[in-house]
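Note sheet for the following structure.
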Amino acid sequence: ESFKRARRDCGDDDFSAVYEALRPTAAPAATAVCFDFDGTLGDTETPAMEVAFWEIAAYLPGASAENVESQCRPYMVENAGKAFEHMMSACEEERAAASLPPIAEAATALPGGLVAVVDKHRSKFGLPPLADVAGTPLLQLQKEETVAALAKCAVANEGVMETLVALNSAGLAYNIATTSGKPRVPVCVDAASLRPFFPAEQIHSGESDFDPPRFKPEPDVYLRAAAALEREPTNCIAVEDSGSGVGSASNAGMGLIVGYVGATHIPAENKESHAQMLLEGAKAKDGRGAEIVITKFGDLVPLAMAFEGRRPGVHWFTKDLLAKLEGPYYLK
């Protein structure tokens, strides 16, 4: 409520009163939290995947005006969490196998009916018709258009703001450790009204902050995020929705890894299997996965407080702690 009042009184561009409203009320804790962004803090994977589909849809072998809409949802589920480069590579292989020309050569010779359907869906995100961008390399187009679309439709996952306020009140510092590049993540932070929680210096990107980029499951972005909070990785909690992200957190030696499957890009019927994947830790060098996977974002708070209060040699991951969790959860 203080956050909402401060935004109303000070406007969108003056965050001074907002920061004052969010000032921690407890002494700084030893524990800090490093959040993934896409699919964790931000419910951005679904719109980003939909934009990706309508950028590549016209080039998928077998796509037509009659069937392309029915392909959207299955394609999004199948490719959730994958880089657009992977989608392009798979599409190029399928086109070659079907004796179709490469994407770059096909851009000006697409069926008119198919293009009309694709353009209709692109317009929902404020994107121009395919004909207007036919000369732009598809990978460049995807990066630019995803940022433009997310600037309009990115939102925070349910319970995120309340959780951040609770962590703040308890004195737990936090920041963002993401593979995604800039300006994509800062744009999403603004669109989701998360800027008061995450000023620019609290956003760390594997793609943009390293040369060459260091993508998850490499540990670099988590190590950087922990160092920025002046904490050892062992005193940090990582919150992740992807296998690569869990691998990155594990490879960085983060003290607790919490998986999250509450965002809309993970269908209800896939939550359990997705959670099991996060628990397995296949992308970690030592095979360590998430210690727990939650479906309700606010359940991070009791987990974080218990981790903060842990003592050497004393088991802290107890049945009493699990009883405090309000949503379904998954353990190894």
Exercise. Residue check: is Ser273 open to solvent by 60 Å² or more (accessible area, probe 1.4 Å) and hydroxyl-bearing (Ser, Thr, Tyr)?
Worked result: yes
For this session: Please work out if Ser180 is within 22 Å of the chain's Cα centre (by Cα) and of a type in the set (Ser, Thr, Tyr).
Result: yes
Seminar exercise, completed: Residue count, segment 299-318, condition assigned to a helix (DSSP H, G or I) and either closer than 16 Å to Gly171 by Cα or modelled with pLDDT under 95 (or both), comes to 9
Seminar exercise, completed: Output for Cβ contacts, cut-off 7 Å, separation at least six or different chains, first residue free of Cβ contacts under 8 Å to residues at least 40 places away in the same chain and under 21 Å from Met305 (Cα atoms) in segment 215-242, second open to solvent by 40 Å² or more (accessible area, probe 1.4 Å) and assigned to a helix (DSSP H, G or I), reads Pro233/Leu223
Problem set entry | Hey, Arg195 within 29 Å of Leu127 (Cα to Cα) and touching a Leu at 6+ places or on another chain (Cβ under 7 Å) or not | no
Seminar exercise, completed: Checked segment 204-223 for anything surrounded by fewer than 21 Cβ atoms within 10 Å (Cβ to Cβ) and either at positive phi or touching a Phe, Trp or Tyr at 6+ places or on another chain (Cβ under 8 Å) (or both); matches are Glu207, Asp220
Exercise. Is it the case that Val51 is in a strand (DSSP E or B) and either at positive phi or at pLDDT 60 or above (or both)?
Worked result: no
Exercise. Got a sec? Which helices (runs of 4 or more DSSP H) wholly within segment 60-159 have at least 3 residues that are modelled with pLDDT under 95 and surrounded by fewer than 15 Cβ atoms within 10 Å (Cβ to Cβ)?
Worked result: 68-79, 103-106, 138-153
Problem set entry | Selection from segment 319-328 of residues that are of a type outside the set (Gly, Ala, Ser), assigned to a helix (DSSP H, G or I) and open to solvent by 40 Å² or more (accessible area, probe 1.4 Å) | Lys319, Asp320
Problem set entry | Qualifying residues in segment 258-298 (those that are of a type in the set (Gly, Ala, Ser) and part of a helix (DSSP H, G or I)) - the one farthest from Ala32 (Cα to Cα) | Ala268
Exercise. Among the numbered criteria (1) at pLDDT 95 or above; (2) assigned to a loop (DSSP other than H, G, I, E, B), which single criterion is violated by Ala249?
Worked result: (2)
Exercise. What pairs come up if the first residue lies in segment 195-209 and is more than 16 Å from Ser248 (Cβ to Cβ) and of a type in the set (S, T, N, Q), the second is assigned to a loop (DSSP other than H, G, I, E, B) and open to solvent by less than 40 Å² (accessible area, probe 1.4 Å), and their beta carbons are under 9 Å apart, counting only those six or more places apart or on different chains?
Worked result: Gln202/Leu229
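The values are calculated or read from the model by the stated rules, or taken from the named source; none is laboratory data. These figures come from a predicted structure and were not determined experimentally. Every residue, glycine among them, receives a Cβ derived from its backbone with ideal geometry; neighbour counts consider all protein chains shown. Only protein heavy atoms, including side chains, enter the accessible area calculation; ligands, DNA and RNA are left aside. Shrake-Rupley method; radii C 1.70, N 1.55, O 1.52, S 1.80 Å.
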